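Reviewing the structure listed below.
Computed from the coordinates by the stated procedures, all read-outs in this text should not be read as laboratory data. Since we're looking at a predicted model, the values are computed, not measured. Neighbour counts run over all protein chains shown; Cβ positions are idealised from the backbone, glycine included.
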Amino acid sequence: MKVDAEVKSRVLELHKIINEHSYNYHSLDNPTIEDSEYDAFFNELLELETKYPSLSYSYSPTQRVGSEPLEGFNKVDHLTPMLSLENAFNTKDLEDFNKRILERLISQTEVNFSCEPKLDGIAVNLIYKKGYLHQATTRGDGKIGEDITHNIRTVSSIPLSFRESKIKAPSLIEIRGEVFIDTKDFKEINNKAKFNSEKIFANPRNAAAGSLRQLDPRVAASRPLKFFAHGMGSIDFGKGTSPKTQKEVFESYASWGLPINPLAEQANDLNECISYFRKIEGLREQLPYEIDGVVFKVNSFKMQESLGQVSRAPRWAIARKFPAEVGSTKVKSISVQVGRVGSITPVAEFEPLNIGGVVVSHASIHNFDEIERLDVREGDTVQIKRAGDVIPQIIKVDLSKRKKDSHKVETPNTCPSCNSKLVKLESEAILRCNAGTNCPAQKTESIRHYVSRNALNIDGLGERIIELLVKKELISDFSDLYTLKKKDLLGLEGFAEKSASKLLTSIENSKETTLSRFIYALGIREVGEATALNLSLNFQHIDKFLLASKEELIEINDIGPIAADHIFNYLSKKGNQNQIKKLLKLGIQLQEVKIQSDNLFSSKVVVITGSFNNIARSQLKEELIRSGARVSSTVSSRTDYLIAGEKPGSKLKKALDLGIEVLEEDNVLRILKQ
Ligand code: IVH
């Protein structure tokens, strides 16, 4: 049917009117028309869309719940990783944060901060292309999230298209923010759920998460989900200029119609940040939603870039958490856990209690000296503290409630799993079982680590199954996973044809991985994800890593002498080398480390000398490797560039003698950022 231009323009006008009122209502909390007037516009639009289906656009305000339930969630790579935040629990932690920043930004005298409440919700990533909502994902592991576009479209305050604004909509932008549920709405949801004998949520955060992790968008649509935008990932502004500060990000977002927390403020120094924290702490009880602290971010993006990040948290931001919450409960038992690398930790299991909205049922205690210090016993009534996402801690025993027949907890002499004699090094407070993977508990834990999400990511291999496989001697090291047969699994309790096939497929799929995941999966002491990534960037190939010398290891970003020792010892053991070789023979394929090739530094031999103001030397080395450079330690006629920082020493002289091009810090950082 040919559509009249007039009808089309009315439809578009109705979009604008409805979006505007929806923005006033949901984002500004300031409706300017009656609900009935709003409904009349909405119905008019619905009628036109029914009559002229070609005018029913996907970004129409009537299309928030359109799709059928999905079959499953698609995994999506974030264009820029979604980082987490380091925590500060007191003013001293904030002072240290400020000091670290000022030390790294030597040339800056003024550092401003964006201060924002830290909402206790669910982080989401919204991709808008040319101002239209294109895709929405969960944070996931920070690198890969799940597609929840169908649910996010139901959140009334998230625009399907930007409002008209003087600030041009970028070709693409990743808008990050928090989806949450107001405390009052959360109570209502639970009341209703109780009435219908449905699942009760422990806190508003879980209710928000539960609403977003639904395949059927009608569930999310029925929940009063709200949203505040608080950050930006990738941006492609085409010819326009992208925001230069967090403040400008907020201004752009607000102009496009995204809800921004009205309590966000700017601070000119640390003292103003501290006052902001006190102010928000005072307001906390009155706020309609739950917050667990405040976030401080260096305002300037240029400064943010030069500060960089450590592992998964930026150096330019910190979360000042509210003090821990405390509760009291009874200890049911105290047992002993054997860690992946043999550390023996006591674990107290207690009667579950709800502390600040989270149900906790156990706490690990650092070591047996701590048990002694607290004198905690089975049957005791204890005070438990929970600070944010930190593992709960026992702070004190209520001696007045202690039973007369209680017994002190004995420090074990032997490993509860393999019976080996436990040792305690002078330098360490913890007891250790040194049986390595001859100890079933360590074997199980190391395999659990190997299959975990950020390592080889093998789905369907939970603790119980691994324990069973180890007990039945079907696996004794990582490589045995790859020779498991369907009939082995079918013999185990809980496995059927389908689940066995599924597990074998996910084991097979895990064979294709990256060098950094693989190194992390090996479970070498002191080698976390960040270290594994650094190792992979520096060695680039597993064969080179296997031959690493202690000196080479110490030179790597963030690897100190202790970690270098552990890695070197690990690699010196023939059994470990053999296991790695066996895994490679069984078909583990390590993707090549991603190196850029369209850079000034690609395929060039670069030498670094001196010290740098805005980047750590080791980080500079990594960035250069990523850009395709070969970083060498001696200047020769084959050197292409010498990067000279302050106090450069003899290398500079040699480079000048040989006529080698010398680059300075600012130039190099600019080139690396291109
Ligand atoms: S910024 C690198 N700002 O806190 C910056 N996060 O603990 C990372 N959160 O995953 C996030 N309010 O879900 C930022 N105003 C705020 C926030 C905020 C809540 C959450 C967010 C993040 C988590 C990190």
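Taking region 234-369 as the region of interest, what is the percent of Cα-Cα pairs per 10 angstrom bin, listed from the shortest bin to the one with the maximum distance?
9, 24, 26, 21, 15, 4, 0
Hey, what do the phi angles of region 599-606 turn into as Karplus ³J(HN,Hα) couplings, whole Hz, using 6.51/-1.76/1.60 and θ = phi - 60°, x for Gly and Pro?
Those phi angles translate into 10, 4, 8, 5, 6, 9, 9, 10 Hz.
Under a straight-distance cross-link criterion of Cα-Cα below 19 Å, which lysines are reachable from Lys199, leaving out those fewer than 8 residues away in the same chain?
Those lysines meeting the cut-off are Lys184, Lys187.
At a 10 Å Cβ-Cβ cut-off, how would you order Glu529, Glu349, Glu34, fewest neighbours first?
Listed from fewest to most nearby Cβ atoms, that is Glu34, Glu349, Glu529.
Taking each pair of distinct Cα atoms in region 73-185 once, what is the resulting Kirkwood hydrodynamic radius in Å?
Answer for region 73-185: a Kirkwood hydrodynamic radius of 16.8 Å.
Using only the alpha-carbon atoms of region 190-286 as identical scatterers, what base-10 log of I(q)/I(0) does the Debye formula give at q = 0.20 Å⁻¹?
-1.10
So if each residue of separation counts as 0.36 nm, and I subtract the Cα-Cα distance between Tyr57 and Asp96, what length gain in nm does that give?
8.8 nm
Give me the Å³ per residue figure for the convex hull around the C-alpha atoms of region 455-540.
95
Could you pull the Cα extents of region 1-133 along its three principal axes, largest to smallest, in whole Å?
Taking the Cα atoms of region 1-133, the three principal extents are 67, 40, 29 Å.
Using only DSSP helix segments of four residues or longer, with each worth -39500 (n - 2.57), what per-residue ellipticity at 222 nm results for the chain after dividing by its residue count and rounding to 500?
Result for the chain: -10500 deg cm²/dmol, rounded to the nearest 500.
Sort Arg453, Arg213 so that the residue with the fewest other Cβ atoms within 10 Å of its own Cβ comes first and the one with the most comes last.
Arg453, Arg213
Kindly put His407, His134 in sequence by how many other C-beta atoms sit within 10 Å of each C-beta, fewest to most.
By the 10 Å Cβ count, ascending, the order reads His407, His134.
Leu28 versus Glu68, label points 7 Å from Cα toward the beta carbon: distance in nm?
A separation of 4.1 nm, rounded to one decimal place.
Tabulate in residue order the Karplus-calculated ³J(HN,Hα) for region 396-404, using 6.51 cos²θ - 1.76 cosθ + 1.60 with θ = phi - 60°, rounded to whole Hz; enter x for Gly and Pro.
6, 9, 8, 5, 5, 9, 6, 6, 5
Using the Kirkwood radius over C-alpha pairs as Rh, can you work out the diffusion coefficient of region 602-671 via Stokes-Einstein at 10 °C, viscosity 1.306 mPa s, in µm² per second?
The estimated diffusion coefficient comes to 134 µm²/s.
Largest first, please: the extent of the C-alpha atoms of region 556-639 along each principal axis, to the nearest Å.
Between the extreme Cα coordinates on each principal axis of region 556-639 lie 41, 31, 27 Å.
Would you list, by chain and number, the lysines whose Cα falls below 23 Å from the Cα of Lys653, excluding same-chain residues fewer than 8 positions away?
Once the sequence-local lysines are set aside, what remains near Lys653 is Lys604, Lys621.
Throw me the Rg/Rh for region 174-227, computed over C-alpha atoms with Kirkwood Rh, two decimals.
When Rh is taken as the Kirkwood radius, the ratio is 0.97.
As a test of understanding, state the convex hull volume per residue of region 405-514 from its alpha carbons, in Å³.
Here the figure is 156 Å³ per residue.
Among Lys130/Lys239; Lys129/Lys247; Lys550/Lys582, which pairs are too far apart, with a Cα-Cα distance over 19 Å?
Exceeds cut-off: Lys129/Lys247; Lys550/Lys582.
Taking every pair of Cα atoms in the chain, average 1/r, invert it to obtain the Kirkwood radius, and report Rg/Rh to two decimals.
0.99
Bin width 5 Å, origin at 0, all Cα-Cα pairs of region 530-674: what percent of pairs per bin?
The percentages, shortest bin first, are 2, 9, 17, 19, 18, 14, 10, 6, 4, 1, 0.
Checking a compactness column here: for region 271-328, what do you get for Rg(Cα) / (2.2 N^0.38 Å), N being the number of residues?
Against the empirical 2.2 N^0.38 Å value, I get 1.39 for region 271-328.
Rounded, prolate or oblate: which one fits region 1-51, using the alpha carbon gyration tensor with axes a ≥ b ≥ c (rounded when a/c is under 1.5, else prolate when a/b beats b/c, else oblate)?
Since a/c reaches 1.5 and a/b is larger than b/c, the shape of region 1-51 is classed as prolate.
How are the Cα pair distances of region 546-592 distributed, in percent, across 5 Å bins from 0?
Reading upward from the zero bin: 5, 22, 22, 18, 20, 12, 2.
Mind listing the phi-derived Karplus ³J(HN,Hα) values for region 649-663, rounded to whole Hz, using 6.51, -1.76 and 1.60 with θ = phi - 60°, and x for any glycine or proline?
3J(HN,Hα) across region 649-663, in whole Hz: x, 5, 5, 5, 4, 4, 4, 5, 4, 8, x, 8, 5, 10, 10.
Please work out the FRET efficiency for the pair Ala40 and Lys581, using the Cβ-Cβ distance as r and a Förster radius of 56 Å; give the result to the nearest 0.05.
0.15
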